[in-house]
Amino acid sequence: MKKFANKIIYGDFYTVDEKNPKVQAVAIQDGKFVYVGDAAGAKVFVGADTKEERFEGGLILPGFVDGHAHGNLGGSKMLLMCKLNDCKNLDEIRDKLKKFIAAHPEMDCIQGMGWNDADFGVNGPTAAMIDDLTDKPVSMIDYGHHSYWLNSAAMKRKNITKETPDVADGVIVRDTDGNPTGCFREGAKIYFEDFVYHFSVEQYKKAILSYQDSFLALGLTAIFDPMVNLDYGWENVMEAYHQLDVEGKLKLRMHGGYQVFVDKNPVADVEHAAKLREKFKGNRFALDHIKILLDGVIESRTAYLNEPYSDSNDGYRGMLRFDMDSLTAIVKKSHEQNFTIHIHTIGDGAINFALTAFENAQITPAQRAALTHLQIVNPADIDRMAKLGVVAVTNPYWFGKDDSAYPQTVSFVGEERAEHQYPMKSFFDKGIVVTQGSDYPVTQVPNPLESIQFAVMRQLPGKPETLLYGTERVTVEQMIKATTLNGAYQFKCEDTLGSIAVGKQADLVVLDSDITACASEKITDAKVMRTMIGGEWVYAR
């Protein structure tokens, strides 16, 4: 005898299940799908307490997955830091910072985020540009999370002087006399990391709940937060997630990445992460990835390239933060401890390097090793990715020639490399599992519909002049899979999440229109009406 369902939902479903792609009804019991099919077949699951709901004229999809979003970082920024993303010049930064300082007299250290490193040239901004605003230490991270801007008070408190030694995996920008100017890149943050994202458990809980609300409203049901130990007080981040999970307030399915650092003992860090995984294990939070920041970004000239930067006279190709022996050892240890490895690779040199480490470690597709960002890619390395079963975690939000980032990229790497940024179709064509991530808060609004639209169009709507690498366009159906089932595959959860099928968790997003049947420029016109996680409606418009 069939068990009656808690809920039956009627509508037009796109299931992302190749065996049963389009249905008209689902039945849900105890948070899982117990029936997926036509409306008539669902009637046998109707009992006295069954709630039936109908959604007409739209499309119902599996819950969206973001394969790379810094949730706690973005939430902290929104609530606790001076937001600078909209600032177009130094005057606007100074004005916003001045107002933030006045509004937060309780803060001992002023933190900010979102300035654009490329706006300040090769040497970046200086402490002198903001020293007159406050006597308190100021620490601000750029929008890509790779460069840092300190005032003189911050450098004085941390005793950063002419004698402060350089670091192998970062840059201290200095004047002609060797004095630090106030701009630091990559691993140089080791000298002041307690000034960066250092908040209490309660502050993090508030930040997490804030960003969770915004994510649920976008149809997101699962995300990967790559660096839950990014901050100096990172234990507070994991404790905040754990407490919210225990309290039943964490609705999103959260997969966390533990970042290992070259200046510490990265192999031992993997072993430590395994202990933390057990300590913070819960219902909706899992520390199940190891994150490696292998190179930097083009805007800071720290992405590692096969060929020199176009503006370089000395053959400069960028920087790597790990040597081959260390990287290979981390990959091996991560596999031994049953972690999924997730590596930041912007430049083609970094991609090549990471793939060699994967080959040395003899990884298999079952390990779900992932490379993310993949901005400049050698076509030969796409074949290597396919052979190794590497997951391509892409960032479609950046697929287009905007007025700011694209000209800056051209100035650093030249027109040829800039024109062929961010391949996408090539990954699909080679059978690579492709997922998508917003890199929130780099992308300020992590709307999966926007990601889908950019991957399909590769330009701004109505602006054909912004087309970037048009031959790499993909289909809506490919992107829906990248944003659902493939995302679950990235987390090793494809058997329980990512598609609408009997036995899987009932995670759904209800749209008010059918994005598979509209013009590509209309995809983002669709609105999320409802979001469900585990059979529970967690958002309603």
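None of the figures in this text is laboratory data; all of them are computed from the coordinates on show. None of the values given here were measured: they were computed from a predicted structure. Heads up, the Cβs are rebuilt from the backbone with ideal geometry, glycines too, and the neighbour counts pull from every protein chain shown.
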Ascending count of other beta-carbon atoms within 10 Å, so fewest first, for 319, 529
529, 319
Pairwise Cα inverse-distance average, inverted: Kirkwood Rh of region 71-195 (Å):
14.5
On full extension of the chain, what length is gained from residue 311 through residue 337, given 0.36 nm per residue of separation minus the C-alpha to C-alpha distance?
5.1 nm
Local electrostatic count at residue 92 - Lys and Arg +1, Asp and Glu -1, tallied over other residues with Cβ under 13 Å
+2
May I ask you to derive the relative contact order of the chain, considering only C-alpha pairs under 8 Å and at least 6 residues apart, and to give it as an integer percent?
17
Mind sorting 221, 531 by how few other Cβ atoms lie within 10 Å of their own Cβ, fewest first?
531, 221
One finds, for residue 106 and residue 38 with R0 = 45 angstrom and r their Cβ-Cβ distance, a FRET efficiency to the nearest 0.05 of 0.15
For the chain: Kirkwood Rh in Å [reciprocal of mean 1/r, alpha carbons]:
24.0
Computed over region 137-240, Kirkwood Rh from alpha-carbon pairs, angstrom:
15.4
Sum of -39500 (n - 2.57) over DSSP H runs of 4+, divided by residues of the chain (222 nm, nearest 500)
-8500 deg cm²/dmol
Measuring from label point to label point, each 7 Å out along Cα→Cβ, what is the residue 249 to residue 157 span in nm?
2.7
Quick one, what does Rg over Rh come out to for region 276-335 if you take C-alpha atoms and the Kirkwood Rh?
1.19
Compute the signed sum of charges (Lys and Arg +1, Asp and Glu -1) over the other residues within less than 15 Å, Cβ to Cβ, of residue 249.
-1
Calculated FRET value between residue 91 and residue 522, using beta carbons and R₀ = 35 Å, to 0.05
0.40
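Based on DSSP, what percent of beta bridges with both residues in the chain are antiparallel, to the nearest 5?
Of those bridges, close to 45 percent are antiparallel.
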Expressed in nanometres to one decimal, the distance between label points 7 Å along Cα→Cβ at residue 22 and residue 324 is 5.2
Contour excess over end-to-end distance, with Cα ends at residue 83 and residue 359 and 0.36 nm allotted per residue
95.2 nm
Please go through the residue pairs 249/401; 251/481; 206/291; 205/522 and name each one whose alpha carbons sit more than 31 Å apart in this structure.
249/401; 205/522
What's the lysine pair count for region 71-195 at a Cα cut-off below 17 Å, pairs eight or more apart or interchain?
17
